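Down below is the structure, laid out as structure tokens.
Derivation of every value follows stated rules applied to the coordinates shown; laboratory data play no part. Everything numeric here is computed off the predicted structure, so don't read it as measured data. So basically every Cβ, Gly included, is an ideal-geometry build from the backbone, and we count neighbours across all protein chains shown.
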Amino acid sequence: MFFMRRFVGLFLMVVLLSAVVTASQLEIFSWWTAGGEAEALEALIKVFNKYYPDVEVINATVAGGAGTNAKAVLKTRILGGNPPDSFQVHAGMELIDTYVIPGYMTPITNLLEQWGVMDKFPKGILEMCSYEGEIYSIPVNVHRGNVVFYNKKIAEEIGMNEPPKTWDEFIMYLQKAKEKGYVGLALGDKNKWTALHLFETILLGVLGPNDYNGLWKGEVSFNDPRIRRAFEIMNKLLDYVNEDHAALAWQDATRLVYEGKALANVMGDWAEGYLKSVGWEPGKDFGWFAVPETQNAFMVVSDTFGLPKNAPHKENAVKWLKVVASVEGQDAFNPIKGSIPARLDADRSKYDIYLQWSMEDFATKALTPSIAHGSAAPEGFVTTLNDIINRFVTTRDIDSALEELLMAAEDEGYLVE
Ligand code: GAL
């Protein structure tokens, strides 16, 4: 009896102790490892630790832009019943189709209500985080995907004094840069998404925001003749990319601009965070403009965090979400990240001139979801499209690419007539 009681006592102590140990942790999963994004996450964690100093944050990252490797690791963990406490996920299909519909997430509408922040986010972005009337994640930022970043010195040297508005105009400058021995357009498609990223911004231009959005609503056909023009433009651009593009990651390509080797890079504005992290000043060292022919559109890439079912430290995960949703958290994170806050009442004075430009455009331009970053279409379609565009980069065979695109669209049930 005595031994039994001692055993039970010991057992209870172990349970209690392990509860104390595990309750003080929080595992946050993301792919933010590059310059700018890694520091931004650190800044957000710092705000968290200011309010919850007793919680040890485990910053779990898997390198690879746009979640190239992270998404697979995350899926294995979630399927295996071993989710992190919260994870980076794009608003839109990536969240809804991959995690919400299969039942891996907990609705958090009540938390947003409780914190009084329901009306503090743009409606459209919250809708991308919602399914059947419930909100499932909190947007920490809004990135713009259709941006060209360029080296101001090279631009001056080749006489690019005004942002080119059309592809013809831009290609003329790419040619000038090439003649001077520079790479025109830096590309780093070691991970396939960057080529799709470039393609989708071209597609946005040739279709216009309304019809681009129509592709995902079954209103515009993938058989639309204008899509050929997108491939033709991409084909021309490929004459101006760096030879080693297939060996470089996105930040290596952005770095070519910084190193004075390339005129420009089409990238989401995490590139702005990267350029600042290596010491460049927006407006002084580098300039930017909307991808040609997309001036009236804002390609949305919004990172969000939600609450997975079976989060091991649920209480801490909720605390994390509260910080993510807060103005303080967003204003610590976004100026470094190169993104604008999702919160509408953030402190604008904390943002540099590039980000103020982006805020202005976000409020006034047509919003369109990114394919490459998982918002517009389900994962399977994105993967197929990544393959199609990357094959095209190698073969430059427009007819085959169009045929493959049509087949993929048909398989996915999109309009092809
Ligand atoms: C995007 C993500 C950004 C940035 C970028 C490069 O998918 O939304 O926050 O991390 O990838 O990794």
Cα gyration tensor category, rounded, prolate or oblate, for the range 111-163 with a/c compared to 1.5
prolate
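What area, in nm² and to one decimal, does the C-alpha convex hull of the chain cast on average over all directions? The partial results should precede the final answer.
Numbers: hull surface 89.0 nm².
Over all viewing directions, the chain projects a mean Cα-hull area of 22.2 nm².
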Can you list the lysines whose alpha carbon sits under 28 Å from that of K180, skipping same-chain ones fewer than 8 residues off?
K152, K153, K165, K190, K236, K261, K276, K284
From Cα pairs below 8 angstrom and at least 6 apart in sequence, can you work out the relative contact order of the range 161-264, rounded to a whole percent?
45
Take peptides 230-243, 134-147 and line them up by average Cβ neighbours within 10 Å, highest first, as a rough protection proxy.
134-147, 230-243
With only alpha-carbon pairs counted, each pair once and no self-pairs, how large is the Kirkwood hydrodynamic radius of the range 46-131 in angstroms?
15.0
Student exercise, the range 242-287 dipole from Lys, Arg, Asp, Glu Cβ charges, in Debye to nearest 20:
100
